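What follows is a set of notes on a single structure, which appears directly below.
The values are calculated or read from the model by the stated rules, or taken from the named source; none is laboratory data. Note that the structure is predicted; figures quoted are calculated from it, not measured. Glycine gets a Cβ as well: all are built from the backbone with ideal geometry, and neighbour counts include every protein chain shown.
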Number of protein chains: 2
Amino acid sequence: MEHLDVPQFLGLLVVMLGAAKIGGALAQRISQAVVLGELVAGVLLGGSIVGLVDPTTEVLHLLAELGVVILLFEIGLETDLRQLMQVGGAAILVAVVGVGLPFALGYAVCWGLGLGSLVAVVAGATLTATSVGITARVLADLHRLHEPESHIILGAAVIDDVIGLVILAVVESLTRGHTVTVLGILQTTTLAFGFLAGVLVLGRLVVPPLVRWVGRVDLPGTATMLAVMVAFGLAWLASTVGSAMIIGAFAAGLLLRETPQAHEMERGVAHLGHFFVPLFFVMVGAAVDVRVLNPLEPANHQTLLIGGLLIVAAVLGKWLSGYAPIWFKGNKHIIGVGMIPRGEVGLIFAQMGLTGGVLTPGLFSAVMVMVMVTTFMAPPLLKLLVPSTPHRDQPSEPEGIDDLVTKS
Amino acid sequence: MEHLDVPQFLGLLVVMLGAAKIGGALAQRISQAVVLGELVAGVLLGGSIVGLVDPTTEVLHLLAELGVVILLFEIGLETDLRQLMQVGGAAILVAVVGVGLPFALGYAVCWGLGLGSLVAVVAGATLTATSVGITARVLADLHRLHEPESHIILGAAVIDDVIGLVILAVVESLTRGHTVTVLGILQTTTLAFGFLAGVLVLGRLVVPPLVRWVGRVDLPGTATMLAVMVAFGLAWLASTVGSAMIIGAFAAGLLLRETPQAHEMERGVAHLGHFFVPLFFVMVGAAVDVRVLNPLEPANHQTLLIGGLLIVAAVLGKWLSGYAPIWFKGNKHIIGVGMIPRGEVGLIFAQMGLTGGVLTPGLFSAVMVMVMVTTFMAPPLLKLLVPSTPHRDQPSEPEGIDDLVTKS
């Protein structure tokens with residue numbers, strides 16, 4: 001499977017995209033997140049069931065990585081830093097507690113089971129980032145996007161993605177073999193923040209004139225291709241200076257968001273995303289070995305135990321974060337439950353831990369189960385807590401969110 | 001260079017796309033076809049000059065092939081068979097003569113030089129298809145898209161693309177090692193026509209219900225991804241039954257053109273095209289060894305001689321085809337000159353001949369020179385023959401052409 005000829009490659013892409021789209025559509029039909037359907041499609045196509053998709057195939061791996069870079073670029077393009085700052089202290093507090101508590105609980109679980117601190121850091125990190133796409137989608141379906149609780153959830157979900165990106169850089173550096181020292185974490189954090197800050201400051205000087213200059217070229221697709229090149233270029237740069245690729249891609253999104261062509265870029269890149277992003281989730285799913293989840297096999301009991309404990313840590317950590325802004329008068333239950341679903345970023349961590357050799361296939365599968373369970377449980381729980389209002393949201397609903405929600 | 005890690009891959013894509021876009025923009029600035037700039041960018045990045053792009057890198061080769069499939073799919077999506085039939089006999093006659101005469105002249109040149117009949121067939125085939133993109137672009141720039149001469153040129157250019165596709169299947173089969181027999185050519189022609197006819201007949205039964213059924217899925221990008229899957233799937237099928245991949249992709253375009261979502265698909269796939277198609281042209285350019293064109297090196301004289309004779313055959317063959325519809329009262333010079341530029345399809349033939357081992361690097365470079373020269377010479381010649389009219393074209397100008405013109 002390592003070397004593909006062109007027809008094999010075309011056939012495999014059709015199977016992967018087709019399975020992802022069918023899985024996504026079925027997931028949507030049963031009121032679940034589209035990304036879940038894509039993951040399940042990947043699990044089915046992977047080595048432990050059908051065996052059509054080998055996650056070690058070089059070209060598929062490279063295309064899937066383009067998918068992550070494009071996804072994080074799109075999230076950056078959707079993220080308005082100023083708007084987030086207006087949501088105020090509640091969102092920041094929920095985000096910080098919602099990152100810190102699950103991380104601490106996850107770390108404690110793994111450390112308590114004697115798995116070593118590197119594994120504990122990676123597993124804890126997979127619990128930190130709420131999937132903004134899944135949360136926003138559920139709130140939109142319930143016609144609750146304009147309630148204060150929803151603003152806090154969305155704000156916190158985006159902030160914890162940003163914190164997650166910094167943690168990601170730390171984790172990536174750790175999985176590349178660096179030892180866990182306070183100094184090392186401090187260095188990587190500084191590098192991640194420094195790279196992001198440096199790119200944002202320098203980028204504000206360089207990118208707008210570049211976009212203006214390129215804007216004079218009268219060729220279709222120029223804005224989109226410029227966006228792709230800035231995203232890939234900054235991802236490459238981030239990786240080269242020792243930070244994480246997706247921080248570069250995210251920074252590219254933040255920078256280009258300020259340009260007049262942002263909307264054109266968003267639409268254009270979304271089409272590339274429809275192609276590349278599902279390939280990433282299918283590849284993530286294909287790496288899941290369902291056999292390690294068989295409870296009848298005694299060797300799997302530890303994996304299942306860890307998976308169960310990670311789910312408890314994941315749910316408890318985010319749920320409690322909803323009560324952190326004690327001054328907030330609204331429905332605090334909704335906030336905590338809304339923060340529960342994990343998604344893309346957690347999967348990226350897990351994938352990184354697997355390829356870096358830090359997570360065993362069993363632990364990787366445990367994390368996958370955690371992501372799936374937290375994502376599955378949030379929509380029904382939210383529906384219990386929030387009765388759907390009969391009126392539809394106004395058409396003035398923030399456009400970015402709508403696009404983002406259904407993205408992958 | 002065979003195996004790339006992710007940052008290398010990202011960096012290489014930025015360089016290739018950036019060079020293609022800069023080359024395209026510069027070409028446009030000096031009133032040349034965008035595709036020429038992309039080819040020149042590839043030549044510069046290739047092994048004989050900068051050496052950044054190795055055309056044998058597996059993942060780049062596979063991505064470039066996706067580019068060809070997408071390009072032919074887009075051409076199919078733009079091709080209205082019924083409209084072509086209305087353009088009447090003149091276009092068909094120009095197309096048939098414009099395919100037959102250059103092929104015969106090219107074959108004669110190679111055969112006369114003792115190169116063997118397989119080489120002669122492939123070289124002759126590279127001369128057959130006018131680049132509809134380049135021609136249409138020049139006519140649009142001159143505000144002449146609605147003159148009868150332009151209708152004949154565009155119709156003939158599209159018809160010779162279809163004939164070219166059949167020749168392509170023959171050539172592909174030949175370059176895969178089959179010997180040139182009348183029976184073999186007949187078989188391949190039957191297979192190419194049969195596959196196209198079979199797909200169009202069966203497809204009309206299967207595709208519209210499929211599109212309607214998939215249209216009920218409320219996920220963004222569904223139509224575009226369906227289009228990609230049908231295109232890749234039929235390309236795979238064509239290859240599997242022994243026809244050419246791009247006939248499958250072209251047939252997919254013809255089929256989906258009839259569906260209500262055709263316009264949405266066109267816009268979505270165009271974005272994928274902006275990414276993948278330039279990669280193909282850069283890879284084609286990167287395969288050119290400029291050193292074999294050095295006239296001071298005696299070993300190159302045969303290549304240069306063949307290149308020169310191919311240019312004569314290419315220009316003469318198409319130019320004379322303009323006079324074939326003797327009953328037409330308009331300006332016949334314009335028709336012949338408008339048919340001169342060669343492009344995508346010729347390059348695909350040449351690339352196929354090179355990878356199949358039929359064309360030597362020297363002959364491949366001779367064909368490349370022919371494509372470049374014919375494409376370079378048409379715009380200035382047309383400008384001499386056609387004074388630009390001061391009034392702008394009506395906005396009712398066929399939309400497809402405008403999209404197609406500036407595509408790659």
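Being assigned to a helix (DSSP H, G or I) and crowded, with 23+ Cβ neighbours inside 10 Å narrows it down to one residue among A:Gly362, A:Gly346; which is it?
None of the others qualify; the one that does is A:Gly346.
Answer yes or no: is there a residue in the range B:281-297 that is within 14 Å of chain A (Cβ to nearest Cβ), surrounded by 19 or more Cβ atoms within 10 Å (Cβ to Cβ) and over 30 Å from B:Tyr107 (Cα atoms).
No: zero hits.
A:Gln32 is checked against (1) part of a helix (DSSP H, G or I); (2) surrounded by 17 or more Cβ atoms within 10 Å (Cβ to Cβ) and fails just one. What number does that condition carry?
So A:Gln32 meets the others, but not (1).
Of all residues being modelled with pLDDT of 85 or more and assigned to a loop (DSSP other than H, G, I, E, B) in the range B:35-55, which is farthest from the other protein chains (Cβ to nearest Cβ)? Just the residue, please.
So, considering only residues that are modelled with pLDDT of 85 or more and assigned to a loop (DSSP other than H, G, I, E, B), the one farthest from the other protein chains (Cβ to nearest Cβ) is B:Ile49.
Got a number for residues in the range A:44-59 being surrounded by fewer than 24 Cβ atoms within 10 Å (Cβ to Cβ) and either small (Gly, Ala, Ser) or out of contact with any Asp or Glu (no Cβ under 7 Å at 6 or more places or on another chain) (or both)?
The number of residues fulfilling the criteria is 11.
Name the residue that is surrounded by the fewest Cβ atoms within 10 Å (Cβ to Cβ), counting only residues in the range B:19-29 that are closer than 15 Å to B:Thr375 by Cβ and within 9 Å of another protein chain (Cβ to nearest Cβ).
B:Gln28
If you take the residues in the range B:8-18 that are more than 7 Å from every other protein chain (Cβ to nearest Cβ) and surrounded by fewer than 24 Cβ atoms within 10 Å (Cβ to Cβ), which one is nearest to B:His274 (Cα to Cα)?
Out of the qualifying residues, it is B:Val15.
Could we say that A:Phe250 is modelled with pLDDT under 90 and either on the phi < 0 side of the Ramachandran plot or out of contact with any Asp or Glu (no Cβ under 6 Å at 6 or more places or on another chain) (or both) here?
So A:Phe250 passes the test.
Hey, any hits in the range B:298-305 for a residue that's crowded, with 19+ Cβ neighbours inside 10 Å and either in contact with an Asp or Glu (Cβ under 7 Å, 6 or more places away or on another chain) or touching a residue at least 24 places away in the same chain (Cβ under 8 Å) (or both)?
For the range B:298-305, residues crowded, with 19+ Cβ neighbours inside 10 Å and either in contact with an Asp or Glu (Cβ under 7 Å, 6 or more places away or on another chain) or touching a residue at least 24 places away in the same chain (Cβ under 8 Å) (or both): present.
So which of A:Val292, A:Val282, A:Val228, A:Val269 is more than 13 Å from A:Phe73 (Cα to Cα), modelled with pLDDT of 90 or more and among the β-branched types (Val, Ile, Thr)?
Matching residue, one of A:Val292, A:Val282, A:Val228, A:Val269: A:Val282.
Report yes if A:Gly76 is under 17 Å from the mean Cα position of the chain (by Cα) and either within 13 Å of chain B (Cβ to nearest Cβ) or in contact (Cβ under 8 Å) with a residue 60 or more places away in the chain (or both), otherwise no.
yes
Working carefully through the options A:Val230, A:Val214, A:Val269, find the one that is in contact with a Ser or Thr (Cβ under 9 Å, 6 or more places away or on another chain), buried (at least 22 other Cβ atoms within 10 Å of the Cβ), within 11 Å of chain B (Cβ to nearest Cβ) and under 17 Å from B:Leu17 (Cα atoms).
Of the residues listed, the single one that is in contact with a Ser or Thr (Cβ under 9 Å, 6 or more places away or on another chain), buried (at least 22 other Cβ atoms within 10 Å of the Cβ), within 11 Å of chain B (Cβ to nearest Cβ) and under 17 Å from B:Leu17 (Cα atoms) is A:Val269.
Which residue, of B:Ile30, B:Ile49, B:Ile22, is β-branched (Val, Ile, Thr) and over 18 Å from B:Val284 (Cα atoms)?
B:Ile30 is the lone residue from the list that is β-branched (Val, Ile, Thr) and over 18 Å from B:Val284 (Cα atoms).
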